[in-house]
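The values are calculated or read from the model by the stated rules, or taken from the named source; none is laboratory data. As the structure is a prediction and not an experimental result, all values here were calculated from the model. Positions of Cβ are backbone-derived with ideal geometry, glycine not excepted, and every protein chain shown enters the neighbour counts.
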Amino acid sequence: RVKHGGGGAILHFEPEMGQDVHEHRQLERELRGAEERRELRLHYQGRFEPDGTLVGFEALVRWQHPIRGLIPPDRFIPLAEDTRLILPIGAWVLREACEQAVRWNFSQRNLCMSVNVSPMQFEQPEFVVQVRETLHATGLDRRCLILELTESMVMRDLDRAQEHMSELRTLGVGIAIDDFGTGYSSLSVLHALHFDHLKIDRSFTRGLESSSANPARITQVMTAMITLAHNLNMSVTVEGVEEHAQLQLLRTLGCDHVQGYLLTRPVPAELAEEFIPVATPASS
Ligand code: C2E
Ligand code: MG
Ligand code: MG
Ligand code: MG
């Protein structure tokens, strides 16, 4: 789904867009200023212990287009990357997610907000400063923020990644490796870099379905990933849990956290709020 354009630029096409360059350019124009026009929205998907206890939320951006309706991130994040619009968008997402976490009193509730970071954002020399300033401006406890990075973005420039990650660690925020197991260098990335959390990609979870061709095999792979993560002092979140049978199995495999449609879809703040227990638990 990536086409190489004439000028050497890489353009992203989605089949839903009709592979129409004109349409693509149009969307690109409309994306410019979407943030100032307040068309961006964050939805929040809960992350839970296998027994159902809420541990936090992942913030997931959507574009509320005045005519086209709600556009999912896969349709405009690649576009935003191509045009550098991801920088203001990413800054907005971080700020908004942190503000929400403060409004929801995450610090006292021991909850964490996970924010996806795009490659271009992460590579900015001032990225760590931006995170620090956002924490400062919003007053969010550093321990309540988790940044989700992907393998391909950190492998692109290992030295830079190492540097930024050690600065982020000093800052005290958590760092997760997202979509684990889908790239070309999944094990190398764990060897080279220190993450706090590992998120197993939902393509593995799908293999645990009752209809799966070889559930025993995928269970072995999943078990090995969980053991590996624990041996490296990482907590494990399994993504894409859709069936009760998957959850049951994951409980026995010892994964720390689960996320998926079975528990909740990503929803607007006012609905996400309902997952937060009413009583503030005694702080530990
Ligand atoms: P991700 O970070 O791996 O987020 C998980 C995606 O899986 C979300 O899609 C979520 O809605 C979906 N999902 C969660 N549970 C299930 C499930 O049980 N079944 C299925 N089939 N899907 C599930 P979404 O919100 O469309 O986001 C897609 C991707 O877009 C994200 O993948 C992330 O890479 C990117 N993204 C989203 N928000 C942001 C953002 O604010 N900044 C950046 N840079 N990227 C973002
Ligand atoms: Mg993510
Ligand atoms: Mg993921
Ligand atoms: Mg993803």
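Brief remarks on what is shown
- Inside segment 157-194, residues that are within 30 Å of residue 140 (Cα to Cα) and either in a loop (DSSP other than H, G, I, E, B) or of a type in the set (Asp, Glu) (or both) make up a count of 10.
- Of residues in segment 146-160 being touching a helix residue (DSSP H, G or I) at 6+ places or on another chain (Cβ under 8 Å) and farther than 20 Å from residue 93 by Cβ, the one surrounded by the most Cβ atoms within 10 Å (Cβ to Cβ): 151
- Residues that are closer than 23 Å to residue 82 by Cβ and either surrounded by 19 or more Cβ atoms within 10 Å (Cβ to Cβ) or more than 19 Å from the chain's Cα centre (by Cα) (or both), drawn from segment 97-140: 115, 116, 117, 118, 121, 122, 125, 126, 127
- Among (1) modelled with pLDDT of 90 or more; (2) of a type outside the set (Gly, Ala, Ser); (3) within 16 Å of ligand 4 (Cβ to nearest atom) - the single one residue 184 does not satisfy: (1)
- The set of residues in segment 150-180 being closer than 12 Å to residue 192 by Cα and within 16 Å of ligand 3 (Cβ to nearest atom) consists of 151, 154.
- Tabulated pairs, segment 104-128, first closer than 11 Å to residue 145 by Cβ, second hydroxyl-bearing (Ser, Thr, Tyr) and more than 16 Å from ligand 2 (Cβ to nearest atom), C-beta under 9 angstrom, 6+ apart or interchain: 107/283
This table checks each residue for (1) closer than 11 Å to residue 47 by Cβ; (2) of a type outside the set (Val, Ile, Thr); (3) touching a strand residue (DSSP E or B) at 6+ places or on another chain (Cβ under 8 Å); (4) within 15 Å of ligand 3 (Cβ to nearest atom).
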| position | (1), (2), (3), (4) |
| --- | --- |
| 225 | no, yes, yes, yes |
| 239 | yes, yes, yes, yes |
| 249 | no, yes, no, no |
| 252 | no, no, no, no |
| 264 | yes, no, yes, no |
| 271 | no, yes, no, no |
| 278 | no, no, no, no |
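- Residue 114 within 16 Å of ligand 2 (Cβ to nearest atom), of a type in the set (S, T, N, Q) and closer than 21 Å to residue 272 by Cβ: yes
So that you can scan it fast, the table gives a plain yes or no per residue for (1) out of contact with any Lys or Arg (no Cβ under 9 Å at 6 or more places or on another chain); (2) modelled with pLDDT under 95; (3) of a type outside the set (A, V, I, L, M):
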position	(1), (2), (3)
114	no, no, yes
122	no, no, yes
133	yes, no, yes
138	no, no, yes
149	yes, no, no
153	yes, yes, no
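- Residue 243 being more than 20 Å from residue 182 (Cβ to Cβ), surrounded by 14 or more Cβ atoms within 10 Å (Cβ to Cβ) and either without any contact (Cβ under 8 Å) to a residue 24 or more places away in the chain or in contact with a Ser or Thr (Cβ under 9 Å, 6 or more places away or on another chain) (or both): yes
- For segment 244-273, the tally of residues that are within 12 Å of ligand 1 (Cβ to nearest atom) and either modelled with pLDDT under 95 or under 20 Å from residue 230 (Cβ atoms) (or both) stands at 4.
- Close pairs (7 angstrom Cβ cut-off, 6 or more residues apart or separate chains): within 20 Å of residue 266 (Cα to Cα) in segment 68-82, of a type in the set (S, T, N, Q) and surrounded by 17 or more Cβ atoms within 10 Å (Cβ to Cβ) anywhere: 77/118
- Which listed residue is surrounded by fewer than 21 Cβ atoms within 10 Å (Cβ to Cβ), basic (Lys, Arg) and away from ligand 3 (no atom under 14 Å from the Cβ), from 206, 143: 143
- Cβ separations smaller than 7 Å between residues 6+ apart or across chains give the following pairs from segment 195-217 residues that are assigned to a strand (DSSP E or B) to residues that are of a type in the set (Gly, Ala, Ser) and modelled with pLDDT under 95: 200/181.
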